[in-house]
Amino acid sequence: MRVLMTGFEPFGGSDVNPSAVIAAQLAGEDWPGMVAAFRLLPVVTGVETGSARAALSETIAAVQPEVVLCFGESARATHVTFERVAVNLRDGGEDNAGVRCRDAPVEEGGPAAFFATLPTRRMADACEAEGVPASLSMSAGTFLCNEVMYALLSGAACGRWSFVRAAGFIHVPQLPEQARVRGGPSMPLDHLLRGVRASVFSLVAPLG
Ligand code: PCA
């Protein structure tokens with residue numbers, strides 16, 4: 001089984017993004033029956049070369065994964081957050097290229113929303129069973145994480161990436177060192193890794 005894990009580069013004035021640390025670490029571990037690839041996504045909106053969506057498309061075409069797990073950071077999150085829905089709207093903060101979208105669709109004329117095709121409840125339960133707080137979320141926001149999740153689910157649903165059997169998005173809280181600078185909730189890296197590792201295992205073990 002081929003699994004692609006993505007994380008984002010730092011943004012918003014921070015010099016680390018835990019989503020990339022987690023995805024790179026987990027993709028580098030030995031998983032029974034699973035080969036994992038990691039891709040770092042730029043915090044850049046749109047579809048041009050250099051955007052997150054361009055990097056995602058290129059990597060999915062190269063890796064042909066059956067499972068795609070995209071990770072992002074949410075400075076407001078208190079839990080490992082399993083996103084259930086992506087909406088066709090870009091209306092978020094400024095990206096690393098200085099672009100801010102207002103009232104723009106992710107895909108012109110696309111459906112209003114897509115559901116994650118991951119077993120989000122099972123994954124959240126597996127994370128909680130490790131003692132790591134997890135939650136299910138009905139909104140990935142309207143910034144780049146939602147945009148990437150929407151494009152991912154749209155590509156899998158329309159047959160462009162018909163080999164993708166399960167895909168979705170996980171938001172992780174910021175790290176304690178980030179919270180010390182900008183305030184807000186945080187979770188230590190070893191907790192994040194333990195919880196996410198258990199949730200990925202609960203996903204891939206039955207698929208294998
Ligand atoms: N979080 C942002 C984009 C990149 C990231 O890690 C978001 O929640 O949209």
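The values are calculated or read from the model by the stated rules, or taken from the named source; none is laboratory data. Keep in mind that what you see is a predicted model, and the values were worked out from it rather than measured. A quick note on method: Cβ atoms are made from the backbone with ideal geometry, for glycine too, and the neighbour counts reach across all protein chains shown.
Please work out if Gly72 is over 21 Å from Ser162 (Cα atoms), modelled with pLDDT of 95 or more and not in a helix (DSSP H, G or I). The answer is yes for Gly72. The set of residues from region 169-191 being touching a residue at least 12 places away in the same chain (Cβ under 8 Å) and either in a loop (DSSP other than H, G, I, E, B) or under 14 Å from the mean Cα position of the chain (by Cα) (or both) comprises Phe169, Ile170, His171, Val172, Pro173, Gln174, Leu175, Gly184, Pro185, Ser186, Met187, Pro188. Just one of (1) touching a strand residue (DSSP E or B) at 6+ places or on another chain (Cβ under 8 Å); (2) under 26 Å from Glu48 (Cα atoms); (3) of a type in the set (A, V, I, L, M) fails for Ala151. It is (1). Go through Val132, Val85 for me and flag whichever is in contact with a Leu (Cβ under 9 Å, 6 or more places away or on another chain), of a type in the set (A, V, I, L, M) and touching a residue at least 12 places away in the same chain (Cβ under 8 Å). Of the residues listed, the single one that is in contact with a Leu (Cβ under 9 Å, 6 or more places away or on another chain), of a type in the set (A, V, I, L, M) and touching a residue at least 12 places away in the same chain (Cβ under 8 Å) is Val132.
Can you name every residue in region 90-133 that is of a type in the set (A, V, I, L, M, F, W, C), part of a loop (DSSP other than H, G, I, E, B) and farther than 24 Å from Pro10 by Cβ?
Of everything in region 90-133, those that are of a type in the set (A, V, I, L, M, F, W, C), part of a loop (DSSP other than H, G, I, E, B) and farther than 24 Å from Pro10 by Cβ turn out to be Ala112, Ala116, Leu118.
When Ile22 is tested against (1) part of a helix (DSSP H, G or I); (2) within 12 Å of the ligand (Cβ to nearest atom); (3) touching a Pro at 6+ places or on another chain (Cβ under 7 Å), exactly one condition is not met: (3).
Mind listing whichever residues of region 134-168 are of a type in the set (A, V, I, L, M), more than 11 Å from the ligand (Cβ to nearest atom) and not in a strand (DSSP E or B)?
The first filter runs over region 134-168 and keeps only residues of a type in the set (A, V, I, L, M), leaving 134, 136, 138, 140, 144, 148-149, 151-153, 156-157, 164, 166-167.
Within this subset, residues satisfying the condition of being more than 11 Å from the ligand (Cβ to nearest atom) are 134, 136, 138, 151-153, 156-157, 164, 166-167.
Correct list: Met138, Ala151, Leu152, Leu153, Ala156, Ala157, Val164.
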